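Heads up: the structure comes next, in structure tokens.
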């Protein structure tokens, strides 16, 4: 694959991994689960992009890990992130010689709206569940105004069987779930009644509400499981959403 104009494909190695990333994407079941989102992203871009170079916008880019998983020539990449954990600074340092790559510290959708560029893909992975609902809509609106192609989003499934599997898995793997539920909230979460669960980051987040919101700004919206299975959605611990103004192949 050529590197025309200095742009690079997914073959480039990512920046050194810090403790948080090693814990999330390391070996074992936990690491495989979190890495599946990047496998999903690679498949989607391969299916949706042409053979020409692509322009990519990412919100919640952290240390730029997505760049290592894009299976096409990247003509332009803009990554926005709040800078938590020092990931953004590592990304800026590691990718400093790639002129087509830019990283911007940001924690507000107005920074997306202010960009004077258009993109073939907007990517937002495991981020919108951490954003206050009014701002989520502003992000989705800004994506719709900057896109000539596809919006790719992954979010956690925090209800029904998926919630139970996560709770049991966390206990088995001795992983702390940092969003505690009361017994009543956990029951309503199992029933899928997240309107009765107090929101706190992952807790009480409903991917269906997000998909419906995206449908206000995009004509076509597809929802599927990412990890560990695509169907049925009830068993998907991670959910993938693809949106576009044109039909999704």
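The values are calculated or read from the model by the stated rules, or taken from the named source; none is laboratory data. Since this is a predicted model, take the numbers as computed values, not measurements. Backbone-built Cβ (ideal geometry, glycine too); neighbour counts: all protein chains shown.
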### Message
Looking at 76, 55, 37, 42, can you tell me which residue is touching a helix residue (DSSP H, G or I) at 6+ places or on another chain (Cβ under 6 Å) and either modelled with pLDDT of 55 or more or more than 30 Å from residue 174 (Cα to Cα) (or both)?
### Response
42
### Query
When you go through (1) surrounded by 13 or more Cβ atoms within 10 Å (Cβ to Cβ); (2) outside any helix (DSSP H, G or I); (3) under 22 Å from the mean Cα position of the chain (by Cα); (4) at pLDDT 95 or above one by one for residue 140, which number turns out not to apply?
(2)
### Message
Given the options 90, 42, 37, name the one that is within 12 Å of the chain's Cα centre (by Cα) and in a helix (DSSP H, G or I).
### Response
37
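Restricting attention to the range 181-194, does a residue exist that is in contact with a strand residue (DSSP E or B) (Cβ under 7 Å, 6 or more places away or on another chain) and within 29 Å of residue 49 (Cβ to Cβ)?
Initial filter on the range 181-194 (in contact with a strand residue (DSSP E or B) (Cβ under 7 Å, 6 or more places away or on another chain)): 181.
Applying the additional criterion that residues be within 29 Å of residue 49 (Cβ to Cβ) yields none.
No, every residue in the range 181-194 fails to be in contact with a strand residue (DSSP E or B) (Cβ under 7 Å, 6 or more places away or on another chain) and within 29 Å of residue 49 (Cβ to Cβ).
Got a sec? Which of 148, 111 is under 28 Å from residue 48 (Cβ atoms), part of a strand (DSSP E or B) and more than 17 Å from the chain's Cα centre (by Cα)?
Numbers: 111 fails: part of a strand (DSSP E or B).
Selected residue: 148, the only one of 148, 111 that is under 28 Å from residue 48 (Cβ atoms), part of a strand (DSSP E or B) and more than 17 Å from the chain's Cα centre (by Cα).
Quickly run through the range 85-115 and pick out the residues that are touching a residue at least 12 places away in the same chain (Cβ under 8 Å), surrounded by fewer than 18 Cβ atoms within 10 Å (Cβ to Cβ) and closer than 20 Å to residue 68 by Cβ. Reasoning before the result, please.
Filtering the range 85-115 for residues touching a residue at least 12 places away in the same chain (Cβ under 8 Å) gives 85-88, 90-91, 93-95, 98-113, 115.
When the remaining residues are screened for being surrounded by fewer than 18 Cβ atoms within 10 Å (Cβ to Cβ), the result is 85-86, 93, 98-99, 102, 104-105, 107-108, 110-111, 113, 115.
85, 86, 93, 98, 99, 102, 104 - these are the residues of the range 85-115 that are touching a residue at least 12 places away in the same chain (Cβ under 8 Å), surrounded by fewer than 18 Cβ atoms within 10 Å (Cβ to Cβ) and closer than 20 Å to residue 68 by Cβ.
So is residue 103 over 25 Å from residue 206 (Cβ atoms) and not in a loop (DSSP other than H, G, I, E, B) or not? If you could, list the steps in order and put the result at the bottom.
Working: over 25 Å from residue 206 (Cβ atoms): yes; not in a loop (DSSP other than H, G, I, E, B): yes.
Answer is yes for this residue.
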#### Entry: Test for residue 170: is it in contact with a strand residue (DSSP E or B) (Cβ under 9 Å, 6 or more places away or on another chain) and either under 26 Å from residue 66 (Cα atoms) or touching a residue at least 24 places away in the same chain (Cβ under 8 Å) (or both)
no
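Just need a number here: residues in the range 195-209 that are touching a strand residue (DSSP E or B) at 6+ places or on another chain (Cβ under 6 Å) and either in contact (Cβ under 8 Å) with a residue 60 or more places away in the chain or exposed (fewer than 15 other Cβ atoms within 10 Å of the Cβ) (or both).
Filtering the range 195-209 for residues touching a strand residue (DSSP E or B) at 6+ places or on another chain (Cβ under 6 Å) gives 202, 207.
Filter once more, so that each one left must be either in contact (Cβ under 8 Å) with a residue 60 or more places away in the chain or exposed (fewer than 15 other Cβ atoms within 10 Å of the Cβ) (or both): 202.
Summing the residues that are touching a strand residue (DSSP E or B) at 6+ places or on another chain (Cβ under 6 Å) and either in contact (Cβ under 8 Å) with a residue 60 or more places away in the chain or exposed (fewer than 15 other Cβ atoms within 10 Å of the Cβ) (or both) in the range 195-209 gives 1.
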### Summary
The lone condition residue 150 fails out of (1) touching a helix residue (DSSP H, G or I) at 6+ places or on another chain (Cβ under 6 Å); (2) surrounded by fewer than 16 Cβ atoms within 10 Å (Cβ to Cβ) is (2)
